[in-house]
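Take a look at the structure below.
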Amino acid sequence: MNSLFLLLAAAVAFVFGYRFYSRLLALGVFRLENNYSIPAPDRPPEDELRRSKRHLIFGHHLASLAAGAAVMGSLVALIWGWIPAFLWVVVGTVTAAGTYGLGSLWLSLRYPGLNPAEIAARLLGAPAHGLFALFAFLVLLIMNAASATLAAQLLSGFPQVVLPFWAVAVLAWLLGGFLRGREDFEILSASLIALTLGLMAVWLLGEFPLAFTGLLSLESGNSFVAFDATVVWALILFVYAYHATRQPMWKLIRPRGYLTALLLGVMLFICYAAVVIDHPVLVAPEFHGGPGIPATLPWLFVTLTSGAVAGFHLLIANGITARQIKRETDARYVGYGGALALGLLALSAVIIGSTGFAGVQEWNQHYASWEEFRDLHKVFELYINGFARLAGGIGLDPAFARTLGAVVVTGLLVATLEAGLRVQKQLLTGLTERMPSVLPVNEKSQIAFVVVLSALLTLHQARGLGGLAWWPLFGVADQLLAVLGFSLLALALRRHGRPVAWVVAPLLFMAVVAHWAFAALAAQWWSAENWLLLGLGVLMLAIELALVGLALSTLKSSSPPPT
């Protein structure tokens, strides 16, 4: 099979989705209003939340959506063959993910200034606030720890990335200061200059690798602690994330995410240009299975989340993106368009994973069993090296392409970490207003609290790999969060007198898949006597079921307003 066929089929589906399906959602379901005045939030807005240009918002939104997980999930999902992975990326993106992305922004704009837990309390009643906040906080905690671990492993495994990565951060800081309050034409010229300088940094500074060799040892009396490079980089990233989270969003986090998204655009352009010019042949089978491979259902849908449907996209849309949007109609471009852009990234991973081997035998050896993917950073290495191979096929320097790919993937992981910590801080602020005597009140203390918790989870195994130990729970918990997000959308649509069938259909599908997967995982944890994962999983399932019960009770007790 020619990989060009996959690209053309996906392009047709994505164009159709944005041109027609998103228009149906915008006009017929959510009924976005161009003249809808976004009310001022109950809390005084921070300087960081001032409205911004939608292209700038789009780039930051895309970078924050755990795009690194889209790469990882798509490559792992190929273990069931390229047809299931391709179909879920394309169909899931156009239908469920696009609906969820657009709807999450609409919901946040209709309840301005409220975090998702507070919106849940508005729709489901006061008991929902603490339950939703705890569930979302735990999901973000795992996501933050995993993002930090994977980014640290990439900085350690690709030392040529270190200087370009931090150079891009400095460029983003300069770009953020320049873009504040500028007009659209100034943003375009500044973006082109920053992108050019970013590519030059990748090209020139990539020639100077910076690596930690051996162990960093700390001795105090009779105690001795040794840190490897992954631990050191994880600590550095958390120190950076703490200071970045304390800054107004316009100063560093937003322009860094935006610049990373521009570099991602260049990378995808190179990737798809190589597919058009070189049209490599798929060596992956259409369907694949074996004794060491779990069944396609339900695992495909909880493995490939970001890049299709991911529950935490509601948290990012609410805590990061919606607070910057000027007009409600921009939710279509940013929310649905962001889902499509993430789908394009996931599609590139499907193509690279299906063509990046010498032949079918080599592919079968790599995808022989589920155990091959325990070391998740090797999945990113497969993507980065596969991208370099595609770029080399059309005459680009493979070393430059490898550095570019690693810089982009690392930047996406760090953007997810930045967004996750910021949203956790917002959730904690909402809880602090209800429990000021228990939780930290000062903003600086709140940021330190969430950073320390994420760092402790990352470092609890003393090798910086703590976040990955919890990754099996993240996939199913993320889909349970999607069930809750679709439930909130259905209730809000009903309250506003708008059709709910368009969100109920994916809600029911995700509910079946997520609970099916959790039951299978719980059985595995019980057999392996992994009581920690089992206990936390049961806690999160109980919270989710309690919230679903509140949603059903609310749905039965209320009638839709007249249209």
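The values are calculated or read from the model by the stated rules, or taken from the named source; none is laboratory data. Keep in mind that what you see is a predicted model, and the values were worked out from it rather than measured. We place every Cβ from the backbone using ideal geometry, glycine too, and count neighbours over all the protein chains shown. Protein only, heavy atoms only, side chains kept; ligands, DNA and RNA dropped before computing areas. Shrake-Rupley method; radii C 1.70, N 1.55, O 1.52, S 1.80 Å.
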Self-check item: Charged-residue dipole, Cβ positions (Lys, Arg, Asp, Glu), the range 249-371 about Cα centre, Debye nearest 20
Solution: 860 debye
Exercise. With a ≥ b ≥ c taken as the square roots of the eigenvalues of the C-alpha gyration tensor of the range 411-522, please select rounded if a/c is under 1.5 and otherwise prolate if a/b is larger than b/c or oblate if it is not?
Key: oblate
Quiz prompt | Accessible surface of Leu344 - all protein chains present, 1.4 Å probe, nearest 10 Å² | solution = 60 Å²
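What is the extension gain from Lys378 to Leu8, computed as 0.36 nm multiplied by their sequence separation minus the C-alpha to C-alpha distance, in nm to one decimal?
Here the answer is 130.3 nm.
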Exercise. Determine the shape class of the range 229-323: with a ≥ b ≥ c the square roots of the Cα gyration tensor eigenvalues, call it rounded for a/c under 1.5, and otherwise prolate if a/b is greater than b/c, oblate otherwise.
Key: prolate
Quiz item: Could you give me the ³J(HN,Hα) list for the range 243-250, computed from phi with Karplus coefficients 6.51, -1.76, 1.60 and θ = phi - 60°, whole Hz, x at Gly and Pro?
Solution: 5, 5, 5, 6, 7, x, 4, 5
Quiz item: If you take the beta carbon distance between Thr196 and Leu532 as r and set R0 to 45 Å, what does 1/(1 + (r/R0)^6) give as a FRET efficiency, to the nearest 0.05?
Solution: 0.40
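Take a quick pass over the chain and tell me how many lysine pairs come in under 23 angstrom between Cα atoms, counting only ones 8 or more apart or on separate chains. All intermediate terms of the calculation are to be shown ahead of the outcome.
Values: Lys53/Lys251; Lys53/Lys326; Lys251/Lys326; Lys251/Lys425; Lys251/Lys444; Lys425/Lys444.
Taking the chain as the scope, the lysine pair count is 6.
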Quiz item: Once you put a point 7 Å from the Cα of Asp228 and another 7 Å from the Cα of Ala520, both along the Cβ direction, what distance in nm separates them?
Solution: 3.1 nm
Quiz item: Which distance in nm do the two modelled labels at Val452 and Val504 give, with both placed 7 Å along the Cα-to-Cβ direction?
Solution: 4.8 nm
Exercise. Could you pull the Rg and Dmax for the chain, using just the Cα atoms, both in Å?
Key: 22.4, 74
Quiz item: Expressed in nm to one decimal, what extension gain is obtained for the pair Leu134 and Gln365 from 0.36 nm per residue of sequence separation less their Cα-Cα distance?
Solution: 79.0 nm
Quiz prompt | Where the range 320-449 is the region considered: accessible area per residue in Å², 1.4 Å probe | solution = 33 Å²
Exercise. Would you compute the Debye intensity of the range 318-472 from its alpha-carbon atoms alone, equal scatterers and no solvent, and pass along log10 I(q)/I(0) at q = 0.11, 0.17, 0.19 Å⁻¹ to two decimals?
Key: -0.68, -1.18, -1.26
Quiz prompt | Neighbourhood charge, 15 Å Cβ-Cβ cut-off, centred on Ile351 and excluding it, Lys, Arg +1 and Asp, Glu -1 | solution = -1
Quiz item: Could you state the number of Å between the C-alpha centres of the range 256-272 and the range 109-148?
Solution: 30 Å
Quiz item: So, with +1 on the Cβ of K and R and -1 on the Cβ of D and E, and no other charges, what is the size of the charge dipole of the chain about its Cα centre, to the nearest 20 debye?
Solution: 1680 debye
Quiz item: Using all Cα-Cα distances in the range 334-416, what percent lands in each 10 angstrom bin from 0 up to the longest?
Solution: 16, 43, 33, 7, 0
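Taking a cut-off of 14 Å, what percent of all Cα-Cα pairs in the range 85-139 are separated by more than that?
Tail of the P(r) past 14 Å holds 63 percent of the pairs.
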Quiz item: Accessible area, 1.4 Å probe, largest first: how do Asp478, Asp397 sort?
Solution: Asp397, Asp478
Exercise. Compute the relative contact order of the chain as a whole-number percentage, counting only Cα pairs closer than 8 Å that sit 6 or more residues apart in sequence.
Key: 30 percent
Self-check item: Net charge, Gly59 excluded, C-beta distance under 12 Å - Lys, Arg +1, Asp, Glu -1
Solution: +4
Exercise. Towards the positive end of the charge dipole of the range 89-202, with charges on Cβ (+1 Lys, Arg; -1 Asp, Glu), say which of Ala120, Trp106, Ala201 has the farthest Cα.
Key: Ala120
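Given 0.36 nm per residue, what is the gain on full extension from Val281 to Ala126 after removing their alpha carbon distance, in nm? Show your work: numbers first, answer last.
On the way: separation 155, 0.36 × 155 = 55.80 nm, distance 5.56 nm.
That pair, Val281 and Ala126, stretches by 50.2 nm at full extension.
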Self-check item: Other-chain or far-sequence residues with amide H under 5 Å of Thr329's (modelled H)
Solution: Glu33
Exercise. Calculate what fraction, in whole %, of the accessible area of the range 76-172 sits on carbon and sulfur atoms when a 1.4 Å probe is rolled over the protein chains.
Key: 76 percent
Quiz prompt | Fraction of accessible area attributable to carbon and sulfur, the range 386-492 (%, probe 1.4 Å) | solution = 64 percent
Self-check item: Karplus (6.51, -1.76, 1.60) ³J(HN,Hα), θ = phi - 60°, over the range 188-201, in Hz, Gly and Pro reported as x
Solution: 4, 5, 5, 5, 5, 5, 5, 5, 4, 5, x, 5, 5, 5
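Can you give the translational diffusion coefficient of the range 368-453 in µm²/s, computed by Stokes-Einstein from the Kirkwood radius over Cα pairs at 25 °C and 0.890 mPa s?
Stokes-Einstein gives a translational diffusion coefficient of 153 µm²/s.
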Self-check item: Karplus (6.51, -1.76, 1.60) ³J(HN,Hα), θ = phi - 60°, over the range 108-124, in Hz, Gly and Pro reported as x
Solution: 5, 6, 7, 10, x, x, 9, 7, x, 5, 6, 5, 4, 5, 5, 8, 10
Quiz item: If each of Ser553 and Leu210 carries a label point 7 Å out from its Cα toward its Cβ, how far apart are those two points in nm?
Solution: 5.5 nm
Quiz item: At a Förster radius of 30 Å, what calculated FRET efficiency corresponds to the Cβ-Cβ distance of Val15 and Ser189, to the nearest 0.05?
Solution: 0.55
Self-check item: Cut-off 14 Å between beta-carbons: net charge of the residues surrounding Glu372, Lys and Arg +1, Asp and Glu -1
Solution: -2
Quiz item: Taking all protein chains as present, what is the carbon and sulfur share of the accessible area of the range 285-358, in % to the nearest whole number, probe 1.4 Å?
Solution: 60 percent
